[in-house]
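Peer 1: The following block contains the structure, expressed as structure tokens.
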Amino acid sequence: MDTQIPNPVRAAFAPTPEQDRRVIVNIGPSHPATHGTVQIITELDGERVLRADVHCGYLHRGFEKECEAHTWHNLIPYVDRLNYCSALINDFAYCGAVEQLMGIEIPPRARWLRTLLGEYSRIADHITCIAAGLMELGAMTAFLYLMTLRDYIYEHLADVTGARVTYSYGRIGGVARDLPAGWLARLEQILVAYETYVGRIHGLMDRNRIFIDRMRGVGVLTQAQALSYGVTGPMLRSTGLARDIRKDTPYLCYGELDFEVPTGIMGDNYDRYVVRMREMDESVYMIRQCVALLPAGPIVADDARVAFPDKQLVYREIESLINHFKLVIDGPRVPAGETYYAQEGANGELGFYIVSTGAGQPWRVHCRAPSFVHMGVTHRMLEGGQLADVVPTFGSVNMIGGECDR
């Protein structure tokens with residue numbers, strides 16, 4: 001047979017010269033910059049990303065299903081492990097949802113402590129995002145400065161919570177424990193160190209020509225795209241829209257604080273960097289206000305439905321012993337119904353939708369995790385850019401794997 005005779009079927013499906021140059025490249029899930037679980041399937045024409053298919057992968061935690069088999073109190077360690085870079089905000093948002101369904105008002109000191117520690121946790125989250133992004137661009141000095149600062153914060157939070165990353169500090173009706181002696185004095189020392197270290201980052205990066213060329217005009221997300229995909233938090237604000245739950249629908253003590261909502265211009269990687277840097281400054285400003293306004297008083301609501309009785313009473317009174325036993329074994333009895341409660345997480349709107357049948361365990365717990373929502377729009381930010389821009393653009397999204405998993 002003459003092998004030179006053309007095959008009509010093969011000819012019909014033969015790639016064009018333009019298509020013949022295209023290659024499919026998998027970035028992740030083993031790539032360190034894709035956080036271990038994320039797979040980005042890219043179609044490349046040379047160094048240009050023509051198409052990107054982003055898969056957030058699985059951690060196989062089964063958070064939402066696991067919630068159905070535990071008491072309302074026992075879920076607090078699980079929500080810690082959603083966005084583990086700012087676990088305290090997860091704690092407070094979940095507890096706020098249960099308190100909303102039960103009609104519990106937490107004491108003033110607990111409200112102020114949640115506000116203060118929530119902003120402190122936001123700083124740690126933003127530092128993690130910015131430091132990782134700078135390191136992936138080769139700015140190791142800036143990375144080490146920020147990691148030093150974050151370690152100060154982690155050790156300081158461990159003093160009040162007893163843990164370094166996943167704190168389990170929130171309680172339905174308040175918080176687990178009060179501030180130890182000397183904690184506020186150390187807080188001011190760290191805030192002074194913050195100004196020093198972050199000032200160095202501004203000096204190293206803000207006008208750095210290499211940094212600007214890699215970030216400005218890269219990974220652009222328009223305001224229309226952001227709104228269409230349900231984007232919130234720093235990513236939405238980088239497009240110029242000042243949408244912030246703390247300001248628009250104040251909760252905890254945010255209605256009593258003075259702060260601004262930083263916004264960007266173009267919605268590119270550089271704007272996301274600037275917005276997070278400015279948000280950290282605003283968080284420091286709010287923390288200092290919280291310290292000045294922090295009242296004395298109890299840290300847990302005086303409500304026997306959720307608050308454990310004093311240990312000395314448990315040892316002496318049968319009523320307190322029974323109450324303690326029932327809260328541990330059966331859990332709080334949350335009235336039948338459903339509710340949705342949201343707070344401004346470090347990455348955007350962090351909401352909990354819970355359904356109760358009146359039992360000691362929830363019937364349904366769903367987390368509206370910003371990282372999961374933002375994975376749906378990431379391909380828009382990658383397509384049309386360079387292969388080398390995939391890592392810094394993905395880093396600017398600040399995807400946290402624990403939030404994405406269901």
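Peer 1: Are any of the residues in the stretch 361-368 in a helix (DSSP H, G or I) and over 30 Å from Asp248 (Cβ atoms)?
Peer 2: No, that holds for no residue.
Peer 1: Give the stretch 33-76 a look and list any residue that's closer than 14 Å to Val23 by Cβ and among the polar types (S, T, N, Q), or say none.
Peer 2: Answer for the stretch 33-76, where residues must be closer than 14 Å to Val23 by Cβ and among the polar types (S, T, N, Q): just Thr42.
Peer 1: Of these, Ala97, Ala131, which one is modelled with pLDDT of 95 or more, under 19 Å from the mean Cα position of the chain (by Cα) and either closer than 24 Å to Val38 by Cα or outside any helix (DSSP H, G or I) (or both)?
Peer 2: None of the other options fit; the residue is Ala131.
Peer 1: Can I ask one more? Taking the condition more than 28 Å from Lys65 (Cα to Cα), assigned to a loop (DSSP other than H, G, I, E, B) and small (Gly, Ala, Ser), does Gly267 pass?
Peer 2: Values: more than 28 Å from Lys65 (Cα to Cα): yes; assigned to a loop (DSSP other than H, G, I, E, B): yes; small (Gly, Ala, Ser): yes.
Spelling it out, Gly267 is indeed more than 28 Å from Lys65 (Cα to Cα), assigned to a loop (DSSP other than H, G, I, E, B) and small (Gly, Ala, Ser).
Peer 1: So, in the stretch 154-166, how many residues would count as being in a helix (DSSP H, G or I), under 20 Å from the mean Cα position of the chain (by Cα) and surrounded by fewer than 18 Cβ atoms within 10 Å (Cβ to Cβ)?
Peer 2: Here the count works out to 4.
Peer 1: Filtering the stretch 300-351 down to residues that are polar (S, T, N, Q) and touching a residue at least 60 places away in the same chain (Cβ under 8 Å), which residue is surrounded by the fewest Cβ atoms within 10 Å (Cβ to Cβ)?
Peer 2: In this case the residue turns out to be Thr339.
Peer 1: Can you tell me which residue among Tyr251, Tyr285, Tyr229 is within 27 Å of Leu146 (Cα to Cα), hydroxyl-bearing (Ser, Thr, Tyr) and modelled with pLDDT of 95 or more?
Peer 2: After applying the criteria, what remains is Tyr285.
Peer 1: Out of (1) assigned to a helix (DSSP H, G or I); (2) at pLDDT below 90; (3) over 21 Å from the mean Cα position of the chain (by Cα); (4) not β-branched (Val, Ile, Thr), the odd one out for Met1 is which?
Peer 2: In the conditions (1) assigned to a helix (DSSP H, G or I); (2) at pLDDT below 90; (3) over 21 Å from the mean Cα position of the chain (by Cα); (4) not β-branched (Val, Ile, Thr), Met1 misses (1) alone.
Peer 1: Go through the stretch 169-212 and report how many residues are at positive phi and surrounded by fewer than 17 Cβ atoms within 10 Å (Cβ to Cβ).
Peer 2: Qualifying residue count, the stretch 169-212: 1.
Peer 1: Moving on to the next point. Does Gly57 qualify as being out of contact with any helix residue (DSSP H, G or I) (no Cβ under 6 Å at 6 or more places or on another chain), at positive phi, surrounded by 15 or more Cβ atoms within 10 Å (Cβ to Cβ) and not in a helix (DSSP H, G or I)?
Peer 2: Values: out of contact with any helix residue (DSSP H, G or I) (no Cβ under 6 Å at 6 or more places or on another chain): yes; at positive phi: yes; surrounded by 15 or more Cβ atoms within 10 Å (Cβ to Cβ): yes; not in a helix (DSSP H, G or I): yes.
For Gly57, the condition - out of contact with any helix residue (DSSP H, G or I) (no Cβ under 6 Å at 6 or more places or on another chain), at positive phi, surrounded by 15 or more Cβ atoms within 10 Å (Cβ to Cβ) and not in a helix (DSSP H, G or I) - is met.
Peer 1: In addition: How many residues are of a type outside the set (Asp, Glu) and surrounded by 15 or more Cβ atoms within 10 Å (Cβ to Cβ) if we restrict to the stretch 136-153?
Peer 2: The number of residues fulfilling the criteria is 11.
Peer 1: Among the residues of the stretch 167-194, count how many are touching a residue at least 24 places away in the same chain (Cβ under 8 Å), farther than 18 Å from Ile299 by Cβ and over 23 Å from the mean Cα position of the chain (by Cα).
Peer 2: 3
Peer 1: Go through Ala296, Ala359 for me and flag whichever is touching a residue at least 12 places away in the same chain (Cβ under 8 Å) and either within 27 Å of the chain's Cα centre (by Cα) or closer than 22 Å to Thr115 by Cβ (or both).
Peer 2: Result of the check over Ala296, Ala359: Ala296.
Peer 1: Within the stretch 283-299, how many residues are surrounded by fewer than 20 Cβ atoms within 10 Å (Cβ to Cβ) and in a helix (DSSP H, G or I)?
Peer 2: 7
Peer 1: Quick check on Glu64: is it at pLDDT 80 or above and either out of contact with any helix residue (DSSP H, G or I) (no Cβ under 8 Å at 6 or more places or on another chain) or in a strand (DSSP E or B) (or both)?
Peer 2: On the way: at pLDDT 80 or above: yes; either out of contact with any helix residue (DSSP H, G or I) (no Cβ under 8 Å at 6 or more places or on another chain) or in a strand (DSSP E or B) (or both): yes.
Yes; evaluated as a whole, the condition is true for this residue.
Peer 1: Could you grab me the full set of residues in the stretch 184-233 that are of a type in the set (A, V, I, L, M), within 30 Å of Gly376 (Cα to Cα) and in a helix (DSSP H, G or I)?
Peer 2: Those that are of a type in the set (A, V, I, L, M), within 30 Å of Gly376 (Cα to Cα) and in a helix (DSSP H, G or I): Met205, Ile210, Ile212, Met215, Ala224, Ala226, Leu227.
Peer 1: Among the residues of the stretch 168-189, what is the count of those that are closer than 19 Å to Ala307 by Cα and not acidic (Asp, Glu)?
Peer 2: Result for the stretch 168-189: 11.
The values are calculated or read from the model by the stated rules, or taken from the named source; none is laboratory data. Model, not experiment: these values are computed from the prediction. FYI the Cβ positions are ideal-geometry reconstructions off the backbone, even for glycines, and counts take in every protein chain you see.
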